[in-house]
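Asker: Below you will find the structure I want to go over with you.
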Amino acid sequence: MTRRAPLPEGIEPERFLARDARAAGSTSDRLRAADLSRPFWGVRTARPAESTADRCRALALRLPAEGCFSHSTAAILFGAPLPSRLEGAPGLHVTVPRGQRAMDAAGVVGHQLTLSDSDVGTVLGLPVTKPARTWCDLASLLSLAELVAVGDHLLGRGAPLVSRHELAAASVRYASSRGARTRRAALPLLSARAESPAESRLRVLLVTAGYADLVVNEPVYDKAGRFLARPDLRFRHVPVILEYEGDHHRSDKAQWRKDIARVERLQSHGWHVVRVTADDLANPSALLRRLRSLLSQL
């Protein structure tokens with residue numbers, strides 16, 4: 001086996017620009033060698049850039065001076081939940097300030113937007129639109145429920161990335177941008193107490209169906225003050241609880257047994273428990289009929 005020539009001194013093998021390597025003495029054949037990946041035109045990496053963060057690090061070598069990652073790309077870097085159509089999309093979103101030419105390259109979705117200094121920050125060492133601006137930009141790509149799920153994540157009570165005030169202020173500041181109507185509808189639906197995107201989507205479904213009197217992830221107690229459970233959603237003035245159950249509730253035997261005991265404990269104290277699955281969110285009409293029937297009997 002022929003030993004490949006080392007890269008020139010001063011070239012970082014993890015990721016580098018082909019033009020820099022050529023200028024330092026590399027040949028075109030060396031830059032086409034199988035030990036180097038080519039995630040973007042003119043960029044070489046020591047291994048395939050598979051994650052969004054790795055792809056962003058590779059593309060960062062070619063970013064315009066004031067360019068930053070935005071939209072769904074920034075959301076992924078923030079760990080926000082996105083629908084699969086965006087989470088798995090190959091193109092990285094890059095925004096430059098208005099007046100500059102939008103980035104036009106394979107694997108890149110270029111944007112030209114009004115950006116202030118307060119709109120741009122860093123995450124994982126990469127330039128990104130800050131959470132409030134990212135949320136505003138996503139309104140042009142997401143449904144109402146999807147935008148609420150992202151907002152709930154950003155507000156998350158464990159480690160909030162943004163405040164409700166910041167989201168509201170940014171929404172006003174960019175009121176004329178695409179997605180304004182979705183943003184206005186989403187703001188009053190946000191909750192810092194949501195713990196999963198499915199819970200967020202369920203809450204939006206119920207509120208838009210007219211059930212606004214909901215409490216999110218707050219504990220319930222028996223008459224003696226003993227803790228019973230902390231349900232996903234419950235009605236404030238009637239003893240009805242809604243629990244979203246993902247597939248792990250079915251596939252994990254220990255979780256399944258725990259769920260049964262939990263439901264029985266709540267029911268023994270007068271609570272009516274409505275168990276919700278992904279099928280209910282995909283076909284909500286049956287769930288809403290079931291809920292209306294239950295509430296009419298209380």
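The values are calculated or read from the model by the stated rules, or taken from the named source; none is laboratory data. The structure displayed is predicted, hence computed values, not measured ones. Positions of Cβ are generated from backbone atoms using ideal geometry, with glycine treated the same way; all protein chains shown enter the neighbour counts.
Asker: Being surrounded by 12 or more Cβ atoms within 10 Å (Cβ to Cβ) and within 29 Å of A149 (Cα to Cα) is true for just one of S72, S51, S26, S37. Which residue is that?
Answerer: Just a single option satisfies the conditions, and that option is S72.
Asker: Sticking with this structure for a sec: Looking at this structure, is P83 under 19 Å from L141 (Cβ atoms), touching a residue at least 12 places away in the same chain (Cβ under 8 Å), surrounded by fewer than 18 Cβ atoms within 10 Å (Cβ to Cβ) and in contact with a helix residue (DSSP H, G or I) (Cβ under 7 Å, 6 or more places away or on another chain)?
Answerer: yes
Asker: Now, a different point. Would you check if there is a residue in the stretch 28-51 being in the same structural domain as L161 (by TED's automatic domain parsing) and in contact with a Phe, Trp or Tyr (Cβ under 7 Å, 6 or more places away or on another chain)?
Answerer: Looking for residues that are in the same structural domain as L161 (by TED's automatic domain parsing) and in contact with a Phe, Trp or Tyr (Cβ under 7 Å, 6 or more places away or on another chain), one finds none in the stretch 28-51, hence no.
Asker: Return only the number of the condition from (1) in a helix (DSSP H, G or I); (2) out of contact with any Ser or Thr (no Cβ under 8 Å at 6 or more places or on another chain); (3) among the aliphatic types (A, V, I, L, M) that A145 does not satisfy.
Answerer: Result: A145 fails condition (2) only.
Asker: Any residue that is touching a helix residue (DSSP H, G or I) at 6+ places or on another chain (Cβ under 9 Å), among the basic types (K, R) and not in a helix (DSSP H, G or I) - is there at least one of those in the stretch 157-177?
Answerer: no
Asker: I'd like to verify a number: residues in the stretch 93-120 that are closer than 28 Å to G158 by Cβ and crowded, with 17+ Cβ neighbours inside 10 Å, how many?
Answerer: 3
Asker: Being more than 17 Å from the chain's Cα centre (by Cα), assigned to a loop (DSSP other than H, G, I, E, B) and of a type in the set (D, E, K, R) is the filter here; which residues of the stretch 73-130 pass it?
Answerer: R101, D104
Asker: Okay, next question. Within the stretch 172-188, take every residue that is at pLDDT 95 or above and in contact with a Leu (Cβ under 8 Å, 6 or more places away or on another chain) and give me the one that is surrounded by the fewest Cβ atoms within 10 Å (Cβ to Cβ).
Answerer: A185
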